[in-house]
Amino acid sequence: MEYQIAANALAGKVILVTGAGDGIGRQAALSYAQHGATVILLGRTVKKLEGVYDEIEAAGGPQPAIIPLDMLGATRQHYIDMADTIEQQFGRLDGVLHNAGLLGVLSPFDQIEEKAYDEVMQVNVKATFLMTQAIMALIQKSEDGRIVFTSSTVGHSGRAFWGTYAISKFATEGMMQVLADELSNTTVKVNAINPGGTRTKMRASAFPAEDANNLKTPLDIMPLYLYLMAPEGKDVNGQCIDAQPK
């Protein structure tokens, strides 16, 4: 399917992107800004976020904002404070792309270490849950609110050695479906994207022997990321869509 949107489709919208420092999050932030959105860059490495901030400004995009936050250590109160800051600064929030994630360690099921499991579940599931709870009132004020989660191929179909990451993505898809159903009669649309194999650091750590040149870049898969945030995608709800359908 071709995901076409107007050049200024996101003008006037305020969109929060987690894990905005590099990879898919960085590209999504740049692409959203290019289509007119004011982007809130959330991540744990301020220097990387500042780099993305500067790129958006250099390209003439709306002035972005930076929220440094380590989702591994953040508490419920951090997300409540974050939502308050967004409301004070912007008055509203039109979209959130839950992109930040931890891969953890690929290992046989019986060798998954509890600490590694807890860390992946903390970032990929609990932090996403707490953040979504905190911004719910804010995003429901939007005339066209969007919540987009990030899944994975192993979030549809479990695969050997992907234990913790796969479990976290099954949970993510479940969370998306519950929320989409609850909000089905509102102006907020909730979906998930499975980016597929993409040229990122996370992919390289999972498949060190793979030739990255054979993979799509984050830019290649942006049409779907833009479509689900734009007015053109308003009829899509409760779906997990593959950015690279087989």
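Since every read-out is calculated from the coordinates, none of them should be taken as a lab result. Not measured: the values here are computed from a predicted model. FYI the Cβ positions are ideal-geometry reconstructions off the backbone, even for glycines, and counts take in every protein chain you see.
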* Provide the net charge surrounding I24, with neighbours chosen by a C-beta distance below 12 Å and charges set as Lys +1, Arg +1, Asp -1, Glu -1. => +3
* Between 0 and 90°, nearest 10: helix 23-34 axis offset from the chain longest Cα axis -> 10 degrees
* Hey, how much of the P(r) for the stretch 121-170 falls beyond 15 Å, as a percent of Cα pairs? -> 53 percent
* What's the angle, to the nearest 10 degrees (0 to 90), between helix 76-90's Cα axis and the longest principal axis of the chain? -> 30 degrees
* Asked: Which longest uninterrupted range of the chain lacks any GluC sites (Glu not before Pro) assigned by DSSP to a loop state (not H, G, I, E or B) and surrounded by at most 15 other Cβ atoms within 10 Å?
  -> 3-112
* Structure fact -> Taking the alpha-carbon centre of each part, the distance from the stretch 176-246 to the stretch 5-22 in Å is 14 Å
* Asked: Remind me, relative contact order of the stretch 1-81 in percent, using alpha carbon pairs under 8 angstrom and six or more residues apart?
  -> 26 percent
* Structure fact -> Once amide hydrogens are built 1.01 Å from N within the peptide plane, the residues lying 5 or more places from I241 or on another chain with amide H under 5 Å from its amide H are A192, I193, N194
* Structure fact -> Sorted largest first, the Cα spans of the chain on the principal axes come out in Å as 48, 39, 38
* If contacts are Cα pairs under 8 angstrom and at least 6 residues apart, what is the relative contact order of the chain in percent? -> 20 percent
* **Members of K48/K126; K141/K246; K13/K169; K13/K201; K189/K246; K126/K216 lying beyond 32 Å, as alpha-carbon distances in this model show** => K141/K246
* Asked: By a straight-distance test (C-alpha under 12 Å), which aspartates and glutamates pair with K234 as possible cross-link partners, with residues fewer than eight away in the same chain excluded?
  -> E143, D144
* To do: With θ set to phi - 60°, apply the Karplus curve 6.51 cos²θ - 1.76 cosθ + 1.60 along the stretch 35-43 and write out the HN-Hα couplings as whole Hz, x wherever there is a Gly or Pro.
  => 9, x, 7, 8, 9, 9, 8, 10, x
* **Length released on extending from T85 to K201, taking residue separation times 0.36 nm less the Cα-Cα span** => 38.7 nm
* **the stretch 169-246: relative contact order in percent, alpha carbon pairs under 8 Å with at least 6 residues between** => 42 percent
* Using alpha carbons only, how many degrees (0 to 90, rounded to 10) separate the axis of helix 163-182 from the longest principal axis of the chain? -> 30 degrees
* Over the Cα atoms of the stretch 1-86, compute the convex hull volume and normalise it per residue, giving Å³. => 106 Å³
* Structure fact -> Percent of all alpha-carbon pairs of the stretch 19-161 at distances over 18 Å, whole number, is 60 percent
* HN-Hα J couplings of the stretch 114-123 from phi, Karplus 6.51/-1.76/1.60, θ = phi - 60°, integer Hz, Gly and Pro as x? -> 4, 5, 5, 4, 4, 5, 5, 5, 4, 6
* Mind jotting down a quarter of the surface of the convex hull over the alpha carbons of the stretch 151-239, in square nanometres, one decimal? => 6.5 nm²
* Please go through the stretch 131-193 and write out the trypsin sites (Lys or Arg not before Pro) that DSSP classes as loop and that have at most 15 other C-beta atoms within 10 Å. => K141, R159
